[in-house]
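Here is the structure we will look at, set down as structure tokens.
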Amino acid sequence: MNAASAIAGHSFRPQLLERRTRLQAAAGSVPDDYFTSLIAEIDAALTRIDTGQFGVCESCHDSIEADRLAHNPLVRFCLDHLSQAELRAHQQDLDLATQIQSKLLPPRDIALEHWQTQYRYQPVGAVGGDYCELIVLDDGKSLFFAVGDVAGKGVAASLLMTHLSAIFRSLLSLDLSLADLVSRANRLFCESTAPAHYATLVCGRATEEGVEICNAGHCPPLLLGRGATRRLESTGLPLGLFCGGQYTVCHLSLDDGESLVLYSDGITEAQDPAGDDYQEDRLIRSLCDHSEQSAEAMADSVLKDVARFRQTRPPVDDMTLLIVRRRR
Ligand SMILES: [Zn+2]
């Protein structure tokens, strides 16, 4: 038991009390013994808060995963110590989330008249909380692209990621400006998720004329030009933090063969056995070393270099890399 989990526990008290009140109001509509057992579960959670045992696994006394507690403050065991029935239910959720997510991933390589894409998506578990999107727009020549990172891990994060994807897919049909698109997506994400849920995101449109791009709190995409690399800093807050968030758009023109590279921090924050980060500098070097090769070879080289850097250290975060290249 530690001070951190005691503080976290107290923040759950209001929602547990609210749950109790709602349950009491619905008392007549559920069977008596079911009602009694639900009330007992809530009261037990309140007691755990009072005694400082909230969020502590009853089997191993380690902390229960924060994202699972956030979604269900009644959980009593960490993922490693679920009952057989809970384990089965958890595996079913995971399988379904994996299925949903794999259907949402775009085709790996899209080749249009002016643009070519290539991406790599490596979730750390069965499902990822990274968002990777490529959609060919109605004119058949332009492309919407995005890479995002949803706060949290596991099934909960992957469901938020699918939610984000659904928001963008429906808004894209409205033919909005990019700034409006991101503002609207932010508002919808804000209004439809819990306050603790947010996502960093870079998205843009590549058309015949060039690229417009918006960075909402995400790690800076890289524009690999001839002889120089440019970082595109964030110009807005992550989605889901403030409903009235404002977003600005940056316009770029790419010469033939130049690439725009979007990635998630699972790449730059990959660690070696000594605990050092891979970092943006090494990513830039790896990209530049292979900038004359195909986008596919470039993407593979980066991931190989990250794996070489990590050595035996296992990945702790999802990794996404997306390359949008102006065709020669
Ligand atoms: Zn445990």
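The values are calculated or read from the model by the stated rules, or taken from the named source; none is laboratory data. None of these values were measured; they are calculated from a predicted model. Note that we place each Cβ from the backbone using ideal geometry, even for glycine, and neighbour counts take in every protein chain shown. For the accessible areas, the whole protein counts, side chains as well, though only heavy atoms, and no ligand, DNA or RNA atoms are used. Shrake-Rupley method; radii C 1.70, N 1.55, O 1.52, S 1.80 Å.
Mind checking whether some residue in region 128-135 is farther than 15 Å from residue 319 by Cα, of a type in the set (A, V, I, L, M, F, W, C), assigned to a helix (DSSP H, G or I) and modelled with pLDDT of 85 or more?
No, region 128-135 has no match at all.
Going residue by residue through region 158-170, is there one that turns out to be in contact with a Cys (Cβ under 7 Å, 6 or more places away or on another chain), of a type outside the set (Val, Ile, Thr) and not in a strand (DSSP E or B)?
Within region 158-170, none of the residues are in contact with a Cys (Cβ under 7 Å, 6 or more places away or on another chain), of a type outside the set (Val, Ile, Thr) and not in a strand (DSSP E or B).
If you scan region 236-278, which residues turn out to be of a type in the set (Ser, Thr, Tyr), assigned to a loop (DSSP other than H, G, I, E, B) and within 29 Å of residue 226 (Cβ to Cβ)?
Once the filter is applied, which keeps residues that are of a type in the set (Ser, Thr, Tyr), assigned to a loop (DSSP other than H, G, I, E, B) and within 29 Å of residue 226 (Cβ to Cβ), region 236-278 yields 248, 253, 264, 278.
Any idea which of 306, 316 is more than 19 Å from the chain's Cα centre (by Cα) and among the β-branched types (Val, Ile, Thr)?
306
Within region 48-58, track down each residue that is open to solvent by 60 Å² or more (accessible area, probe 1.4 Å) and either at pLDDT 95 or above or within 11 Å of the ligand (Cβ to nearest atom) (or both).
Listed by number, the list holds a single entry, 58.
Filter region 60-109 for residues that are of a type in the set (Lys, Arg), in a helix (DSSP H, G or I) and without any contact (Cβ under 8 Å) to a residue 12 or more places away in the chain and give the result.
Those that are of a type in the set (Lys, Arg), in a helix (DSSP H, G or I) and without any contact (Cβ under 8 Å) to a residue 12 or more places away in the chain: 88, 103.
Which pairs have Cβ atoms under 9 Å, sit 6 or more apart or on different chains, and link a residue in region 163-178 that is within 18 Å of residue 207 (Cα to Cα) to one that is among the polar types (S, T, N, Q) and part of a helix (DSSP H, G or I)?
Sorted first by the residue in region 163-178, then by its partner, the pairs are 176/183.
Exactly one of these conditions fails for residue 211: (1) modelled with pLDDT of 95 or more; (2) out of contact with any Gly (no Cβ under 7 Å at 6 or more places or on another chain). Give me its number.
Answer for residue 211: the failing condition is (2).
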